[in-house]
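The values are calculated or read from the model by the stated rules, or taken from the named source; none is laboratory data. Note that the coordinates shown come from a computational prediction; the quantities given were computed from them, not determined experimentally. Glycine also receives a Cβ, built like all others from the backbone with ideal geometry; neighbour counts cover every protein chain displayed. Side chains included, ligands, DNA and RNA excluded: accessible areas come from the protein's heavy atoms. Shrake-Rupley method; radii C 1.70, N 1.55, O 1.52, S 1.80 Å.
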Amino acid sequence: MGYLDVDTGVRRGTENSVIGITSKDDESKLRGKRSVLIAIEEFGSFPNLLGLFGTLRPSVEEGDVTFGEIYMQGTSGDNDSDFAAAQELMYNPKGYNIKGVKNIYDKEGQGKRYFSYFFPGYLNRKGCYDKDGNSDVVKALLEILMNRYTVKYNSTDLNAITKTISEIPVTPQEAIIRVQGNIFPVTMINERLNEIDNNPAFYDDIYVGKLVQNNNGEVIFRNTTDIPIRDFPTKDNKVEGALEIYEMPIKQSDGKINSERYILSLDNYENDTSNTMSLGSIFVLDLWTDRIVAEYTGRPSFADDYYEICRKLCLFYNGRLNYEYNKKGLFSHFSTRNSLYLLTDVLDFLKEKQMMKDGYGNKSKGTNASPAINAYARSRLRSWLLAPVPIMQTIDGEEKEVMVPRLFTVRNRALLKELINYNSEGNFDRISAMGMLMLLREDRMIRYQGDVS
C-alpha cells in the first residue's frame with residue numbers, strides 16, 4: 001500500500017501490507033497478525049466463527065486498548081449459511097467488544113435491546129429511492145411483502161417462501177433463517193414464535209415443578225420455583241431445567257387414567273458429565289387430543305436422576321415410553337425398579353418395514369435409532385406439525401372455528417427454536433425426543449386405524 005515518488009525515488013504512502021488468507025478449518029493460521037483492519041467476508045458461513053473471532057481479537061487489541069478493527073459482513077439466503085455463530089455475535093455485541101446499536105430492526109418483543117448493524121432489504125431497493133438517494137421505505141416494503149404473498153400462494157414448495165424471505169430480509173430474524181438442510185417449515189414456525197414472544201400472559205397457565213412419590217407410592221405434582229429451559233441453544237449443558245405441564249392427566253370415572261391415552265418419548269444420555277451441549281429431553285403426548293401435554297428438558301447432575309424423572313412421568317400419566325435402545329442406562333434403571341412394563345416393545349410397523357435389523361444392548365424394548373429410522377421420524381414430525389387442526393379465532397367480533405397447521409398450537413418455545421435452527425450436523429435433543437414420540441404415535445395410529453380413542 002504505497003508508491004514510488006519518481007522525482008525523489010522515495011517510497012511514500014502507508015506502506016502497510018494487505019494479505020488474503022483462507023482460514024478453512026484452522027483459525028490458528030490467523031494468530032499473531034497485528035493489524036489495522038481485518039475484513040471477514042461472508043461471516044455467516046464461516047466454520048467455527050466464534051473460535052476465529054476469539055483468535056483474531058488480540059490482533060487488534062492489547063489490554064483495554066483497541067488499535068485496529070475487525071469488520072465482518074455477510075449476506076443471507078446462501079445455501080451454506082446457518083448463522084448460528086453469527087447470531088451469537090450480532091445479538092450479544094457487548095460481550096465480544098463489537099459496536100452495538102439500539103435494536104430498531106426486530107419486531108417488538110423479539111431479539112435483544114442491542115444489535116450489530118443490519119442493512120435490511122427495504123433500504124436502497126431498486127426503484128424505491130428519490131434523486132438524492134433517500135429510500136422510500138413504505139414502497140419498498142409493499143413490493144417485498146407483495147412478492148412474498150405471490151410466492152406463498154402460487155408455489156407448492158414450502159422452502160420457496162423461506163428462500164424468498166431470507167434472500168431479501170426485513171428483520172435480522174429473517175436474515176438468519178437456515179435455508180439448507182432444514183426440512184421444517186421455518187417461516188411458519190417463526191410466526192408461531194412471534195405469537196408466543198408477544199403474548200405476556202402465554203406462560204400463566206403452565207405448571208412448573210417436579211414429581212414426587214407420597215407414602216402410598218402415588219406420584220404427585222408439586223409446584224417449585226425451578227426455571228424451565230425455554231431458549232435454544234443454552235450456554236452449556238449444566239442446566240437442570242424443570243418439568244413443564246401444559247395439561248394434567250385426565251382420569252376416567254373410575255379415577256384411573258386410560259393406559260392407551262398418553263405416550264412418552266425421550267432423548268437419553270448415559271454419562272453423568274459430558275463435554276458436548278447434549279441435554280436430556282422428555283415429551284408426553286395425549287393421543288386423544290394429539291397435543292403435547294408435558295415436557296422436561298435439562299441435565300441433572302446424575303443420569304439416574306434424569307431416568308427417575310422419566311419413570312415418574314410414565315407413572316403420573318400412566319403412559320408408555322419409546323426410547324433409543326442403543327443406550328443401555330435407562331433400561332437398567334427401569335429394570336431395577338420393576339418398571340419395564342412402562343417401556344414399549346419394539347414397534348411392529350418398523351419391523352414390518354424391515355427397519356429394525358441391528359443394534360446393541362436390549363432389543364426387546366424401544367427403538368434402534370439408526371440414520372434411516374431417525375430420518376423417517378423427522379418426516380413424521382414434519383407431517384404432524386403441518387397437519388391442519390381447528391382453533392377458535394375472533395374474526396369481525398365473532399368467535400369462529402378456523403383450520404391452521406398444528407404447529408400454531410405448539411407451546412414448547414425451545415422446541416420451536418430447535419426446529420428453526422435444525423441441520424443434520426448439529427445436536428438437537430428435543431427433535432430427537434420428538435422423533436421417538438412420532439414413531440410411537442405412528443404405531444398407535446396404525447394399531448387403532450386412526451381412531452385412538
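Annotations
- Any chance LEU386 is surrounded by fewer than 16 Cβ atoms within 10 Å (Cβ to Cβ), touching a residue at least 24 places away in the same chain (Cβ under 8 Å) and touching a strand residue (DSSP E or B) at 6+ places or on another chain (Cβ under 9 Å): yes
- Scanning segment 112-166 for residues that are among the polar types (S, T, N, Q), under 26 Å from GLU42 (Cα atoms) and more than 24 Å from the chain's Cα centre (by Cα) returns ASN124, SER135, ASN147.
- Each residue in segment 20-46 was checked for being open to solvent by 90 Å² or more (accessible area, probe 1.4 Å) and out of contact with any Ser or Thr (no Cβ under 9 Å at 6 or more places or on another chain), and 5 pass.
- Residue within segment 250-266 that is assigned to a loop (DSSP other than H, G, I, E, B), within 24 Å of the chain's Cα centre (by Cα), surrounded by 12 or more Cβ atoms within 10 Å (Cβ to Cβ) and not small (Gly, Ala, Ser) present: no
- Summed over segment 437-453, the residues that are open to solvent by less than 30 Å² (accessible area, probe 1.4 Å), touching a helix residue (DSSP H, G or I) at 6+ places or on another chain (Cβ under 7 Å) and assigned to a helix (DSSP H, G or I) give a count of 3.
- Being open to solvent by 40 Å² or more (accessible area, probe 1.4 Å), at pLDDT below 90, in contact with a helix residue (DSSP H, G or I) (Cβ under 6 Å, 6 or more places away or on another chain) and not hydroxyl-bearing (Ser, Thr, Tyr) is a property that does not hold for LYS163.
- Selection status of ASP132, open to solvent by 30 Å² or more (accessible area, probe 1.4 Å), out of contact with any strand residue (DSSP E or B) (no Cβ under 9 Å at 6 or more places or on another chain) and more than 23 Å from ASN198 (Cβ to Cβ): yes
- Close pairs from segment 306-320: first modelled with pLDDT of 95 or more, partner open to solvent by 40 Å² or more (accessible area, probe 1.4 Å), Cβ under 6 Å, at least 6 apart: ASN318/SER259
- Against the criterion of being more than 30 Å from THR171 (Cα to Cα), at pLDDT 90 or above, in contact with a strand residue (DSSP E or B) (Cβ under 9 Å, 6 or more places away or on another chain) and surrounded by 15 or more Cβ atoms within 10 Å (Cβ to Cβ), SER59 qualifies.
- Breaking point among (1) of a type in the set (Phe, Trp, Tyr); (2) closer than 24 Å to ASN97 by Cβ; (3) over 35 Å from the mean Cα position of the chain (by Cα), for PHE53: (3)
- Residue identified as of a type outside the set (Gly, Ala, Ser), at pLDDT 80 or above and over 28 Å from LEU37 (Cβ atoms) among TYR114, TYR122: TYR122
- Filtered by the rule that a residue be within 17 Å of ASP305 (Cβ to Cβ) and among the β-branched types (Val, Ile, Thr), segment 319-349 gives a lone residue, THR336.
- Flag for THR409 being among the hydroxyl-bearing types (Ser, Thr, Tyr) and in contact (Cβ under 8 Å) with a residue 40 or more places away in the chain: yes
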